[in-house]
Amino acid sequence: MLANVNLFNCILIVVGMGVGYLFILIPILIYYAIQHMRSPQLILLPEADWNEYYEHKCQVESDWAESNQFKPVGIYRLQQNFILVWEHLESATFFQVTLSPYGRFHSFTTVFEDDYSLITANDRESLVFPSPPKQFVQSFGIEAFDLLVEKHQLTLVDLIKVKHLELPEQVPDFEETYLNQIRQQHEHVRSVPLYPIRGIWWYHIGRRAKFNQPIDLQQAVLEHL
């Protein structure tokens, strides 16, 4: 009898922890994540520190970038993350490597006129929040840079056809572009009613459902009408 009571108590504790994680912890984390986006601070590291990252910690990425017409832009710190950035010589596209306490992630960002942008990444976290109207975000479980940039280019061509987007004549400043994207994300999520509660779905279901899926071009067509 005592064993049954102990088992029942253990089940209650596990269920309680699960409920607390889903309905208390996740909304709190979502809320504070959005609050941090209100006034993002992107700190450019001194050039004297660049070699440590470009030539040592991210030598593979640096070699690939150089052989694919990307030149170094700088290394930035955002909270606990370090972001290495390269800029394509012939298009408004950035190649980024994010070094975080949770791993190493890669992404390509192309900037268009009128604040439109396309981001192709290889981590689920980039898909947690719903994208602002002018941001298109997709993510794939792809580690090979050639394959990831191929996914990016295919969607880029389709977007230009569907949305009639135009590339800027000059490559925009990375820092300004990056911070503007964060602010747009902040404002968009804040406009969603009960967004910390909605975050339960975004975190557990939404980001997994969108992972390894190209952006919805049909939705892009509807937005263009």
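The values are calculated or read from the model by the stated rules, or taken from the named source; none is laboratory data. As the structure is a prediction and not an experimental result, all values here were calculated from the model. Neighbour counts are summed over all protein chains in view; Cβ atoms, including those assigned to glycine, are modelled from backbone coordinates with ideal geometry. For accessibility, only protein heavy atoms count, side chains too; no ligands or nucleic acids. Shrake-Rupley method; radii C 1.70, N 1.55, O 1.52, S 1.80 Å.
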task = For the chain, with all protein chains present and a 1.4 Å probe, just round the carbon and sulfur fraction of the accessible area to a whole percent.
result = 58
task = Would you compute, for the Cα atoms of the chain, the largest minus smallest coordinate along each principal axis and list the three values in descending order, in whole Å?
result = 74, 49, 33
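Rolling a 1.4 angstrom probe over the protein heavy atoms, how many square angstrom per residue are accessible across the stretch 1-223?
58
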query = Heavy-atom accessible area of Val60 with all protein chains present, probe 1.4 Å, nearest 10 Å²?
reply = 100
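Can you pull out the GluC sites (Glu not before Pro) in the stretch 27-98 whose DSSP state is coil and whose Cβ has at most 14 other Cβ atoms within 10 Å?
Details: sites: Glu47, Glu52, Glu55, Glu61, Glu66, Glu87, Glu90; in loops: Glu90.
Counting only loop positions with at most 14 other Cβ atoms within 10 Å, the GluC sites (Glu not before Pro) in the stretch 27-98 are Glu90.
At 1.4 Å probe size, put Lys151, Lys163 in order of accessible surface, largest to smallest. Don't jump to the answer; show the numbers that get you there.
On the way: Lys151 80, Lys163 15 Å².
The ranking, largest first, comes out as Lys151, Lys163.
Output the relative contact order of the stretch 74-181, whole-number percent, from Cα pairs under 8 angstrom with separation of 6+ residues. Don't skip to the answer; put the middle values down first.
Values: 162 pairs, mean separation 21.5, N = 108.
Over the stretch 74-181, the number comes to 20 percent.
List the GluC sites (Glu not before Pro) within the stretch 141-216 that DSSP assigns to loop and that have no more than 13 neighbouring Cβ atoms inside 10 Å. Each step should come with its number before you reach the end.
Working: sites: Glu143, Glu150, Glu166, Glu169, Glu175, Glu176, Glu187; in loops: Glu143, Glu166, Glu169.
Passing sites in the stretch 141-216 are Glu143, Glu166, Glu169.
Can you give the relative contact order of the chain as a percent, counting alpha carbon pairs under 8 Å and 6+ residues apart?
Values: 303 pairs, mean separation 45.7, N = 225.
Relative contact order here is 20 percent.
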